[in-house]
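Presented below is the structure to which this report refers.
The values are calculated or read from the model by the stated rules, or taken from the named source; none is laboratory data. Bear in mind the structure is a predicted one, so any value in this text is a computation, not a measurement. In this analysis, Cβ positions are derived from the backbone assuming ideal geometry, glycine residues included, and neighbour counts consider all displayed protein chains.
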Amino acid sequence: MSDKYETHEYDVVVIGAGGAGLRAAVEASALGVKTALICKSLLGKAHTVMAEGGIAAALGNVYPEDNWKVHFRDTMRGGKMLNNWRMAQLHAQEAPERVLELEEWGALFDRTQDGRILQRDFGGHRYARLAHVGDRTGLEMIRTLQQHAVHKGIDVYMECNIQRLLTDGGRMAGAFGYWRESGKFVLFKTKAVILGTGGIGKAWKFTSNSWEYTGDGVTLATDVGADLIDMEMIQFHPTGMVWPPSVRGILVTEGVRGDGGTLKNSTGKRFMFDYITDYFRAETADSEKEADAWYEDKKNNRRTPDLLPRDEVARAINAEVKAGRGSPHGGVLLDIASRRSADYIKKRLPSMYHQFKELADVDITKEPMEVGPTCHYVMGGVRVNADTTASTVPGLFAAGEVAAGLHGANRLGGNSLSDLLVFGRRAGLYAAEYAKAHTGAITVDMGQVEDIANTLLAPFNGNGGENPYSIHADLQNCMQNLVGIIRTENELRQALKEIAVLKERLKKVSVEGHRQYNPGWHLALDLHSLLSVAEAATLGAIERKESRGGHTREDYPEADPQFGKVNIVIRKKNGEWTLTREPLPEMPDELKALFEEKK
Amino acid sequence: MADTEVTMRVWRGDASGGEFKEYRVPAQEGMVVLDVVHTIQATQAPDLAVRWNCKAGKCGSCSAEVNGKPRLMCMTRMNTFVPGETITLAPVKTFPLIRDLVTDVSFNYEKAKTIPPLKLKAKEADGTRRMFQEDVDRVQEFHKCIECFLCQNVCHVIRDHEENKEWFAGPRLFVRLASLEMHPLDANDRKEVIKEQTGLGFCNITKCCTEVCPENIHITDNAIIPLKERVVDEYYDPVLWLLRKLRGEQ
């Protein structure tokens, strides 16, 4: 064994320390396997920290009528039935337990009058269901998990960026990456790897995602031959900030609408009433009076169309702006100022108040906000076993945004934080079981490691003169303009051509300076995964010739029942992508019945 | 803004030394300091080291000293400066420099490991854990902390005294201790740890930490002073002291 590189040996290595990674590490470690948690930022800074509105869980604290079956049904319908039914079932069943467990680890959610966890309304959820802390629920969740993990003594490797996974005879054997601080390489030998690396939003120009969302986990999995599904399913959150330019894309929580805010166009009209599709007509209010009454009385009124699922609202805003009824800076208006008291707004939405005041000089208790769609989430990702989170590569597991299936064609707000907890725990559990079952030495091919090291250092030797920041900016423009909310075949094919050019340019990338904390070098390496996920998303979008959820085709504007029965599966063999359409798992009859009762 | 350009002096260097370098970039409406840094990276200094994540004031990664004032770069608008003024951007001072604007903040993570964790009280008779909003309000204030460590950076006990770090936890950890001590479900006793191992007594409540907190947590009034009172009540109450003497206790 070469000692050229710093080397560590573990049973389970968790990559990513957001909600899913932390929860997975806590579980694996508790089961007695040697566990490492690796994150590319400092601990506690992962994207989970930015989640605002809440955690969806059918606790039934506010509406006793709520239960897992209602949550399951909402999740499936919100996902336009493209979801993996078993994941949606497990998620709805286990979310309440996971939330209560978080409370036992110290989380302090907002309370009901009788001292239980308060729940808030959100898009697509039949009842007030989101456990929350004002509009900073993600912070509460990540800090609670972080402190729990620290007190359990889990080994944490901060600012350590994993670049490639290593296999031995098709099985997981290791992970190789670099320390950001020193630029030195580090090798982890391990029986199992859990990906909790999040999403891919940094491939788009206007995004709510942080710098970390470069598709690392999806690409780590792709590069060792794992299957991906649903990569065409990208969620554009309807409400991102649009002004000033420097903050464009920053998230404005759905909680604004959950707490009474409403969308208006430049004429002052509450336009969402014009965008109620047949699919949701029966359960959506058709008058302002009913919509407003729904906040107080959910039994006798139907839900406001302001809280239709995100795909519906994002398309509606897009259409209003295109029709010339947008706000001054190309969004629409989100008004809570005229509908709720200043005290209520500051109590319920303190971060939003602060964010608009500081960054846009807007007082949301007095004026409407300008908002528009922003790239927020990828429903697609690594194909996993619904129960175990195992990918198609033995020893490789995935949970959270990097995994696919739970959310189908569109994710409901609040279902992400619960996803992280439910499937993070399951990933930790089954990865630990896998590691325990595989005794014996782990073999890593050092020749392979050497090749990877040379590839990662290539940008320092390159004299092609390509700037990584320019390649990234061009990719973001390409995806924004050609693989956005509304897509057509011509534009998607144009995007493929542009991505091909960017891949050639990446071969000529050169970086300045040395290896110590060098962001230019880091970005040059991230571009490998950014370009890979961009290409996968575009290929999936060409293949799915219909409109469904987060994928809208101008040239195929209707949902096609045949496409509703299949996932687009995409995988890489010898450097070439292959795509297949594979049938969704069949839902058992007793669950199907849940959809027939309420038509 | 009449000026179409902003000028920024940015610290470039590592533990062995360095200097301020001046950069000029085009101004854009609504720009924050972090936008200027990103523009410099993209066009002039691709290896300029900076730590950032959310760019929305939620993660606490991009702490720096802007014109000598500890701030989050992502929440500092350029229009808060005099137009044409040269802005000076330096790394936070209290932590060892790694490179450019990035410092080694591991001190905070090491201290966090030493805090005695939550120890749960028994459940209610009905198997639930009831807490009322008025009981959690004051702890929720502490939970707003985004761990930007600006409070640690300005604390004079450690800012100019590296040697004090060994036995002083700092305001961030005092907030953490207060959040546990006041947690409605907690049954742990940390008073001895607070008195003997965190250096709380060396805080002379100058409120520098409170002033720089981007989350407006009342660190001194709501966390540090109540902790000091708990320690005083436990160890320095003259009545209790006399009672203990009479009973022959320590």
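Of all residues in region A:516-561, those satisfying the criterion of being in contact with a strand residue (DSSP E or B) (Cβ under 6 Å, 6 or more places away or on another chain), outside any helix (DSSP H, G or I) and either closer than 26 Å to A:Thr455 by Cα or not charged (D, E, K, R) (or both) are A:Gln516, A:Tyr517, A:Ser547, A:Gly550, A:Thr552, A:Ala559.
Under the condition of being within 10 Å of chain A (Cβ to nearest Cβ), acidic (Asp, Glu) and assigned to a helix (DSSP H, G or I), the residues counted in region B:129-157 number 3.
To keep it simple, each residue is scored yes or no on (1) modelled with pLDDT under 95; (2) buried (at least 16 other Cβ atoms within 10 Å of the Cβ).
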| site | (1), (2) |
| --- | --- |
| A:Tyr434 | no, yes |
| A:Thr439 | yes, no |
| A:Asn454 | no, no |
| A:Asn463 | yes, no |
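Scanning region A:387-422 for residues that are β-branched (Val, Ile, Thr) and in a helix (DSSP H, G or I) turns up A:Val402, A:Val422.
Which of the residues spanning region A:296-327 are part of a loop (DSSP other than H, G, I, E, B) and without any contact (Cβ under 8 Å) to a residue 60 or more places away in the chain? Matches in region A:296-327: A:Glu296, A:Asp297, A:Lys299, A:Asn300, A:Asn301, A:Arg302, A:Thr304, A:Ala323, A:Gly324.
Within region A:31-47, being farther than 19 Å from B:Asn108 by Cβ and facing chain B (nearest Cβ under 10 Å) holds for one residue alone: A:His47. Of all residues in region A:237-278, those being outside any loop (DSSP other than H, G, I, E, B) and within 14 Å of chain B (Cβ to nearest Cβ) number 8.
What helices (runs of 4 or more DSSP H) lie completely within region B:198-250 and have 1 or more residues being at pLDDT below 95?
Hits in region B:198-250: B:225-235, B:238-247.
Inside region A:263-320, residues that are more than 20 Å from A:Val242 (Cβ to Cβ) and buried (at least 24 other Cβ atoms within 10 Å of the Cβ) make up a count of 5. For region A:86-102, the set of residues classified as crowded, with 17+ Cβ neighbours inside 10 Å and touching a Phe, Trp or Tyr at 6+ places or on another chain (Cβ under 7 Å) consists of A:Ala88, A:Gln89, A:Ala92, listed by residue number. One residue alone among A:Ile276, A:Ile250 is assigned by TED's automatic domain parsing to the domain that holds A:Leu334, farther than 30 Å from A:Val449 by Cα and in contact (Cβ under 8 Å) with a residue 60 or more places away in the chain, and that residue is A:Ile250. If you scan region B:1-13, which residues turn out to be surrounded by fewer than 19 Cβ atoms within 10 Å (Cβ to Cβ), within 14 Å of chain A (Cβ to nearest Cβ) and under 27 Å from A:Ile471 (Cβ atoms)? Passing the criteria: only B:Arg12.
A quick yes/no check of all residues on (1) within 19 Å of the chain's Cα centre (by Cα); (2) within 14 Å of another protein chain (Cβ to nearest Cβ); (3) without any contact (Cβ under 8 Å) to a residue 12 or more places away in the chain:
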residue	(1), (2), (3)
A:Ala17	yes, yes, no
A:Ala57	yes, no, no
A:Asp74	yes, no, no
A:Glu97	no, yes, yes
A:Gly106	no, yes, no
A:Asp110	no, yes, no
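On the basis of being within 11 Å of chain A (Cβ to nearest Cβ) and either touching a Phe, Trp or Tyr at 6+ places or on another chain (Cβ under 7 Å) or closer than 18 Å to B:Met73 by Cβ (or both), does B:Leu97 make the cut? Taking the combined requirement at face value, the residue satisfies it. Kindly provide the set of residues from region A:112-122 that are farther than 19 Å from B:Asp126 by Cα and either within 12 Å of chain B (Cβ to nearest Cβ) or more than 23 Å from the chain's Cα centre (by Cα) (or both), ordered by number. Passing the criteria: none in range. Suppose the filter is more than 7 Å from chain A (Cβ to nearest Cβ) and either modelled with pLDDT of 95 or more or touching a strand residue (DSSP E or B) at 6+ places or on another chain (Cβ under 8 Å) (or both); does B:Asp47 pass it? Against the criterion (more than 7 Å from chain A (Cβ to nearest Cβ) and either modelled with pLDDT of 95 or more or touching a strand residue (DSSP E or B) at 6+ places or on another chain (Cβ under 8 Å) (or both)), B:Asp47 does not qualify.
I want to confirm something. Restricting to region B:100-123 and keeping residues that are β-branched (Val, Ile, Thr) and assigned to a loop (DSSP other than H, G, I, E, B), which single residue is farthest from the other protein chains (Cβ to nearest Cβ)?
B:Thr114
Restricting attention to region B:56-66, does a residue exist that is closer than 26 Å to A:Cys160 by Cα, more than 9 Å from every other protein chain (Cβ to nearest Cβ) and assigned to a loop (DSSP other than H, G, I, E, B)? Yes, region B:56-66 contains at least one residue that is closer than 26 Å to A:Cys160 by Cα, more than 9 Å from every other protein chain (Cβ to nearest Cβ) and assigned to a loop (DSSP other than H, G, I, E, B).
Pairs only if they're at least six apart or on different chains, beta carbon under 9 angstrom, first in region A:335-360 and free of Cβ contacts under 8 Å to residues at least 12 places away in the same chain, second in a helix (DSSP H, G or I); list them, first residue then second. Partner pairs satisfying both residue conditions: A:His354/B:Met75; A:Glu358/B:Met75.
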